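Quick notes on the structure that follows.
The values are calculated or read from the model by the stated rules, or taken from the named source; none is laboratory data. Given the structure is predicted, the values throughout are model-derived calculations rather than measurements. Cβ coordinates were reconstructed from backbone atoms using ideal geometry, including for glycine residues, and neighbour counts include every protein chain displayed.
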Ligand SMILES: Cc1cc2nc3c(=O)[nH]c(=O)nc-3n(C[C@H](O)[C@H](O)[C@H](O)COP(=O)(O)OP(=O)(O)OC[C@H]3O[C@@H](n4cnc5c(N)ncnc54)[C@H](O)[C@@H]3O)c2cc1C
């Protein structure tokens, strides 16, 4: 444990290097996640650009843990918060977009949805699905996000990452060994930008596809609720939502958390849920599905931090 909030004698802020970006002590992380739950970051660091991030990583005391978050759309941050420093790439330097033929390079801090108008303007098709995934480009790569029959791995060209020592590398698909909603991804890697390849397409066709995909989501998923998307990975050849339904978990509740009635692999914070409510509900579902089907569901939502 580190710092004043987490029981150490001195606040960690005093031991952090001078940076151009911003440190926020005891930062509420709930407002950085789609679930809207979770305790504070001991310190939230918003770097100004990649050089600022490097300065921080090179000069920070080695024992202080670092956690990177993106748009928080796949996170369940526990009620006790996250010890150490949480980094979020939110400055304009991390949101740049550039095109080279059919390839687009987007900064890790860019919201996926903000790629929409750029892709339409440049007539770059094949990447519409990216814009419909909540969250940001860094998280998109980390989770090998996918939908509508595509995954990031299918369109991935390269990415720049910074490791825990502040060194920047250009990586290719071989470095990631992509698999379903996952990749070989060392914990200290921070994605700086990602290059994806599409194809030339008519802007009106791209827009039509994007609109259809968003409409489908709205119809089938509780997209306007406090949720983190699919809670559990689909076991090979099976669908998690079906297993959950068949195991009698539709409508299950714990405190302010409940199984969505629109899509039962989505858990919802009805407003006053704690992270503990949501995690307990998830664990209850795992147990019930195992009892009924002998299959153990695996969390797709990433759980972080400490319990209260
Ligand atoms: C309504 C809804 C629908 C969804 N539908 C889909 C879907 O169709 N398909 C799908 O795949 N997912 C879906 N999701 C889940 C989620 O949107 C994706 O996993 C998304 O890619 C997460 O991105 P993020 O920026 O929010 O990352 P976060 O949730 O903030 O973090 C996810 C992981 O990425 C890491 N990370 C974030 N940024 C970086 C970075 N710069 N460098 C290194 N690591 C980083 C974090 O440490 C964490 O491990 C859905 C979620 C919601 C709420």
Taking the range 128-167 and keeping only residues that are within 25 Å of residue 54 (Cα to Cα), assigned to a loop (DSSP other than H, G, I, E, B) and more than 9 Å from the ligand (Cβ to nearest atom), one is left with 163, 164, 165, 166, 167
A careful count of residues in the range 40-59 that are touching a helix residue (DSSP H, G or I) at 6+ places or on another chain (Cβ under 8 Å) and away from the ligand (no atom under 14 Å from the Cβ) gives 3
Given (1) more than 11 Å from the ligand (Cβ to nearest atom); (2) surrounded by fewer than 19 Cβ atoms within 10 Å (Cβ to Cβ); (3) at pLDDT 95 or above; (4) not assigned by TED's automatic domain parsing to the domain that holds residue 126, residue 233 misses just (1)
Residue 242 fails exactly one of (1) surrounded by fewer than 17 Cβ atoms within 10 Å (Cβ to Cβ); (2) part of a loop (DSSP other than H, G, I, E, B), namely (2)
Across (1) within 26 Å of residue 82 (Cβ to Cβ); (2) free of Cβ contacts under 8 Å to residues at least 24 places away in the same chain; (3) not in a helix (DSSP H, G or I), residue 264 clears everything bar (1)
Subset of the range 288-308, residues in a helix (DSSP H, G or I) and either within 16 Å of the ligand (Cβ to nearest atom) or surrounded by 14 or more Cβ atoms within 10 Å (Cβ to Cβ) (or both), comes to 288, 289, 290, 292, 293
- Message: Being within 16 Å of the ligand (Cβ to nearest atom), touching a strand residue (DSSP E or B) at 6+ places or on another chain (Cβ under 7 Å) and free of Cβ contacts under 8 Å to residues at least 40 places away in the same chain is the requirement here; does residue 31 meet it?
- Response: no
Verdict on residue 174 being in the same structural domain as residue 157 (by TED's automatic domain parsing) and loosely packed, with under 12 Cβ neighbours inside 10 Å:
yes
Review point. Any residue in the range 260-274 that is in contact with a strand residue (DSSP E or B) (Cβ under 7 Å, 6 or more places away or on another chain) and away from the ligand (no atom under 14 Å from the Cβ)?
Key: yes
